[in-house]
Amino acid sequence: MKDYVVVVGGLNIDIAGLSGKVYREKDSNIGEVTINIGGVGQNIAQNLTRLDTPTYLVTVYGDDNFGKIAQMECQKNNISLEYAEQIKDSRSSIYLYVNDNEGDLVTGINDMKICENITPEFLAKRLDFINGAKIVVVDCNLSKESIEWLCENVTSPIFVDPVSVAKVDRIENVLDKLDTLKPNELEAELLTGIKVVDEETARQAAIALNNKGVKNVFISLGSHGILCSKEGEEALVKPLAKKIVSTNGAGDCSMATLVWARFNHGEELPLEEVGLYTQAAASINVESPLAVSPELNVKEVLKRVEEAK
């Protein structure tokens, strides 16, 4: 493929507990339990393929039954694992989580030890291919050492998803190497020292990240939308969702949409329009119990953008 995206990150099996109409803490709740392919890197890659973007996932997975499932699902979703690696005698990465009756995350447990195999040495073997990508997406399930190595050696634009508050410090030394960063309020606070509580403080945090060298900043504000900032230009785009089944994966969908917009339109789109695309895609995502909605496609995203306009 002439133009392609490389995503470097996690490939999980997601085991989800979705509560019914009533959720009681510290109790057995009636609901649904599902097993699906997941991981921030994989979720972003799968969203990208649903948005007709050629995507390779550079990751690792085990040689257990979950690893076989991961391979089959990636093949089904047109995600290339050509530059991934199956690790012998290893347990695949698993994410176990529970959502309440409002669709919000109650708790989650990550077993992602296998990601420690994504070392600078592992990445160096694939560097020429990674640098051939139009865009490289990195999720912070990688070690700090590996992320910093990528930022020093990758020549393509780097988009980063911090993943969680516990992992956001892995990029604190390389902010000036990032083209695009999509943190949430807490992650932005940890990177800037600015407590994000409203639109104004979100703007301050975004500008602070721009001043630290991040070219494009998109701060996810949950039910308040997304704050977009670039070279002194800021825009807040409100959510478009009318119905929420689950918020799991919404951020990964937004990141994929940012990549899709750049992949197809370069840097020509107005900042507010880019934010609008993310909210249109996220509105599709949250209507599904899955981390990646099977209803996501370019036509539906464009339709919702036009309706919003």
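The values are calculated or read from the model by the stated rules, or taken from the named source; none is laboratory data. Note that the coordinates shown come from a computational prediction; the quantities given were computed from them, not determined experimentally. With ideal geometry, Cβ positions are generated from the backbone for all residues, glycine too; neighbour counts draw on all protein chains shown.
Which ones in segment 12-66 are assigned to a loop (DSSP other than H, G, I, E, B), over 24 Å from GLU121 (Cα atoms) and touching a strand residue (DSSP E or B) at 6+ places or on another chain (Cβ under 8 Å)? Matches in segment 12-66: GLY20, TYR23, GLU25, ASN29, ILE30, THR53, PRO54.
For beta carbons closer than 8 Å, sequence separation of 6+ or different chains, a first residue in segment 265-276 that is in contact (Cβ under 8 Å) with a residue 24 or more places away in the chain and a second that is of a type in the set (Ser, Thr, Tyr) and outside any loop (DSSP other than H, G, I, E, B), the qualifying pairs are LEU271/SER229. Restricting the first member to segment 203-227 and to residues that are within 14 Å of GLY193 (Cβ to Cβ), and the second to residues that are at pLDDT below 95 and not aliphatic (A, V, I, L, M), the beta-carbon pairs closer than 7 Å and six or more apart or on different chains are ALA206/GLU234. Condition test on TYR83, is it modelled with pLDDT of 95 or more, farther than 25 Å from VAL286 by Cβ and assigned to a strand (DSSP E or B)? For TYR83, the condition - modelled with pLDDT of 95 or more, farther than 25 Å from VAL286 by Cβ and assigned to a strand (DSSP E or B) - is not met. In segment 232-261, the residues that are in contact (Cβ under 8 Å) with a residue 24 or more places away in the chain form Cβ pairs under 6 Å with partners that are aromatic (Phe, Trp, Tyr) and buried (at least 18 other Cβ atoms within 10 Å of the Cβ), at six or more places apart or across chains, as follows: THR257/TYR277; VAL259/PHE159. Going by what's in this entry, would GLU102 be described as assigned to a loop (DSSP other than H, G, I, E, B), among the acidic types (Asp, Glu) and touching a strand residue (DSSP E or B) at 6+ places or on another chain (Cβ under 8 Å)? Against the criterion (assigned to a loop (DSSP other than H, G, I, E, B), among the acidic types (Asp, Glu) and touching a strand residue (DSSP E or B) at 6+ places or on another chain (Cβ under 8 Å)), GLU102 does not qualify. Taking the condition at pLDDT below 95, in contact with a helix residue (DSSP H, G or I) (Cβ under 9 Å, 6 or more places away or on another chain) and crowded, with 18+ Cβ neighbours inside 10 Å, does ASN110 pass? The answer is no for ASN110. The residues in segment 205-232 that are under 20 Å from ASN173 (Cβ atoms) and either among the basic types (Lys, Arg) or part of a loop (DSSP other than H, G, I, E, B) (or both) can be counted, and the count is 4.
When GLN204 is tested against (1) surrounded by 20 or more Cβ atoms within 10 Å (Cβ to Cβ); (2) polar (S, T, N, Q); (3) farther than 30 Å from LEU127 by Cα, only condition (1) is not met. Here VAL7, VAL22 are screened, and the one residue that is surrounded by 20 or more Cβ atoms within 10 Å (Cβ to Cβ), touching a residue at least 60 places away in the same chain (Cβ under 8 Å) and β-branched (Val, Ile, Thr) is VAL7. Please find, among ASP89, ASP27, the residue that is at pLDDT 95 or above, surrounded by fewer than 22 Cβ atoms within 10 Å (Cβ to Cβ) and not polar (S, T, N, Q). Result of the check over ASP89, ASP27: ASP27.
Residues of segment 72-85 that are over 15 Å from VAL8 (Cα atoms) and in contact with a strand residue (DSSP E or B) (Cβ under 7 Å, 6 or more places away or on another chain): GLU73 alone. Within segment 40-57, residues that are in contact (Cβ under 8 Å) with a residue 60 or more places away in the chain and buried (at least 24 other Cβ atoms within 10 Å of the Cβ) sit with their Cβ atoms under 9 Å from residues that are in a helix (DSSP H, G or I) and of a type in the set (D, E, K, R), at 6+ positions apart or across chains, in these pairs: VAL40/ASP252; GLY41/ASP252; ASN43/ASP252; ILE44/ASP252; GLN46/GLU73; GLN46/ASP252; ASN47/ASP252. Whenever a residue of segment 67-85 is more than 12 Å from GLN42 (Cα to Cα), its partners that are surrounded by fewer than 17 Cβ atoms within 10 Å (Cβ to Cβ), lying with C-beta atoms within less than 6 angstrom and at least six residues away or across chains, give the pairs TYR83/PHE129.
GLU300 meets all of the listed conditions (1) buried (at least 23 other Cβ atoms within 10 Å of the Cβ); (2) not in a loop (DSSP other than H, G, I, E, B) but one, namely (1).
Being within 20 Å of the chain's Cα centre (by Cα), at pLDDT 95 or above, in a helix (DSSP H, G or I) and farther than 24 Å from TRP149 by Cβ is a property that LEU191 lacks. Among the residues of segment 121-135, not a single one is more than 19 Å from VAL8 (Cα to Cα), charged (D, E, K, R) and surrounded by fewer than 20 Cβ atoms within 10 Å (Cβ to Cβ).
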